[in-house]
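Below is one structure, written out as C-alpha cells, with a few remarks after it.
No value in this document is a laboratory result; all are computed from the given coordinates. Because the structure is predicted, anything quoted here is derived from the model rather than measured. Cβ placement follows ideal geometry from the backbone for every residue including glycine, while neighbour counts extend to all protein chains displayed.
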Amino acid sequence: MQLDIRHQPEDDRFATDVDGHTCVLDYRLADRVMTMTRVFVPPPVEGRGIASHLTRYALDHCRKHGFRVVPRCPYVAAWIRRHDEYADLVSETD
C-alpha cells in the first residue's frame with residue numbers, strides 16, 4: 001500500500017488520508033525526545049496496515065533527525081518489540 005504520509009509539526013503529528021479518512025500518529029517533542037502518544041486509524045479503514053506505515057515513517061523520521069523515542073502508545077510499543085531494528089531508538093526517559 002502506497003500512502004502519502006505528511007509530517008505536521010504544527011499539530012505534533014504524522015498524518016495520511018485514506019478513502020476520505022484521516023489517520024494519525026500523535027506525539028510530543030521535547031529535548032530531542034519524541035514521545036509517541038497515539039496512533040488512530042478510523043474503523044472504516046482499519047486492517048490495511050496503515051498504523052504500521054505511520055509508525056515506521058515516524059520512527060524513520062526520528063532516526064534521520066537523531067531523536068530518541070518514548071513509545072507511550074501501546075501500538076507503537078508493540079510494533080517496536082516486533083521490529084527490533086528500531087529498539088535502539090527507545091529512550092528510557094521522556
Sequence of E92, E46 once ranked by neighbouring C-beta atoms within 10 Å, starting from the fewest: E92, E46
Please list the non-local residues whose amide H lies under 5 Å from the amide H of V90, H modeled 1.01 Å from N, same-chain partners needing a gap of 5 or more. V69
For the chain, what is the relative contact order in percent, using Cα pairs closer than 8 Å and at least 6 residues apart in sequence? 23
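Taking a quarter of the surface of the Cα convex hull of the chain, what do you get in nm²? The partial results should precede the final answer.
Working: hull surface 23.6 nm².
About 5.9 nm², averaged over all directions.
Per DSSP H run of at least 4 residues, take -39500 (n - 2.57); add these up for the chain, divide by its residues and hand me the 222 nm value, nearest 500 deg cm²/dmol. Each step should come with its number before you reach the end.
Values: 2 runs with 25 residues, N = 94.
Result for the chain: -8500 deg cm²/dmol, rounded to the nearest 500.
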Once the Cα atoms of helix 50-65 and of the chain are each reduced to a long axis, what angle between those two axes, in degrees from 0 to 90 to the nearest 10, is obtained? 30
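For the stretch 33-94, which trypsin sites (Lys or Arg not before Pro) are in a loop by DSSP, counting at most 16 other Cβ atoms within 10 Å? Walk me through the numbers before you get to the answer.
Numbers: sites: R38, R48, R56, R63, K64, R68, R72, R81, R82; in loops: R48, R72.
When the trypsin sites (Lys or Arg not before Pro) of the stretch 33-94 are filtered for loop state and at most 16 Cβ neighbours within 10 Å, R48, R72 remain.
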Inter-probe distance in nm under a simple model that places probes 7 Å from Cα toward Cβ, at L29 and S91: 1.2
Looking at the stretch 6-88, send over the antiparallel percent of its DSSP beta bridges, to the nearest 5. 80
Hypothetical label at H7: residues of the stretch 26-62 whose amide nitrogen lies under 12 Å (7 Å Cα-Cβ projection): 34, 57-62
